[in-house]
Amino acid sequence: MSAQAGDSGAYRELLDTYGRRLYGYFLRATGSHHDAEDLLGEIMLKLVSKLAKYDDRGRFEPWLFRIAANMVRDRIRRSRANPAPASLSVESEAGTSRADQLLAETGSADDGLLAEEASERLQQALLKLDETTRDMILVRHFGQMSYKGIADLFQCPLGTALARVHRGLKALRRMMGADYESD
């Protein structure tokens, strides 16, 4: 692998190939654009040091997403230990509140709040799943990983990966449906 030899062009190619998928995975796993950006930066730094140890006889994608999944678990554990207060009135560096940003992004405060509420419901439903099933769903749908890649990543048969993702999505639909019916 050229990137292992220190080829910066090959390293950029890895970022182009996997960056968007990793960001999508990180965003859904953490529920935060800020955390997703931080984790994407961290994994790129980790790649510089860990790529030399990568055995290219294995599959790169599952190896990369295993590192990503471990980083997410660490971030979630740290955030549970030190929760940060959230507020729509806190001003950003640009001097605008989160509520103003939502209004500007969506054109309607109601639309922005509804989208944020739906995202929060999904995040809460995901947290109710067991960790392995949640991770499998996240790498499949937000990391765009194939079922074969998921089976490799979690070291399980392909049928097991398919079944767990399917059952997990079914459980999510049930939970999300119950949330919407209770409103």
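The values are calculated or read from the model by the stated rules, or taken from the named source; none is laboratory data. From a predicted model like this one, the values you see are computed outputs, not experimental measurements. Here Cβ is always computed from backbone atoms with ideal geometry, including for glycine, and neighbour counts include all displayed protein chains.
The table below lists the values:
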read-out	value
Filtered residue count, region 135-154, keeping only those that are buried (at least 19 other Cβ atoms within 10 Å of the Cβ) and within 14 Å of the chain's Cα centre (by Cα)	8
Qualifying residue in region 160-171 (condition: of a type in the set (Gly, Ala, Ser), part of a helix (DSSP H, G or I), closer than 14 Å to ARG59 by Cβ and touching a residue at least 40 places away in the same chain (Cβ under 8 Å))	no
Any chance GLU116 is farther than 20 Å from PHE154 by Cα, among the charged types (D, E, K, R), surrounded by fewer than 11 Cβ atoms within 10 Å (Cβ to Cβ) and modelled with pLDDT under 80	no
Selection count, region 124-170, where residues are over 20 Å from VAL72 (Cβ atoms) and either modelled with pLDDT under 90 or among the aliphatic types (A, V, I, L, M) (or both)	3
Residue among ASP74, ASP55, ASP38, ASP16 that alone is closer than 23 Å to GLU116 by Cα and acidic (Asp, Glu)	ASP38
Matching residues in region 12-54 - criterion: being surrounded by fewer than 16 Cβ atoms within 10 Å (Cβ to Cβ), closer than 22 Å to SER146 by Cα and either of a type in the set (Val, Ile, Thr) or within 14 Å of the chain's Cα centre (by Cα) (or both)	THR17, GLY19, ARG20
Odd one out for GLU61 among (1) over 21 Å from LEU122 (Cα atoms); (2) out of contact with any Gly (no Cβ under 6 Å at 6 or more places or on another chain); (3) crowded, with 16+ Cβ neighbours inside 10 Å; (4) modelled with pLDDT of 80 or more	(2)
Flag for ILE76 being among the β-branched types (Val, Ile, Thr), within 23 Å of the chain's Cα centre (by Cα), at pLDDT below 85 and surrounded by fewer than 18 Cβ atoms within 10 Å (Cβ to Cβ)	yes
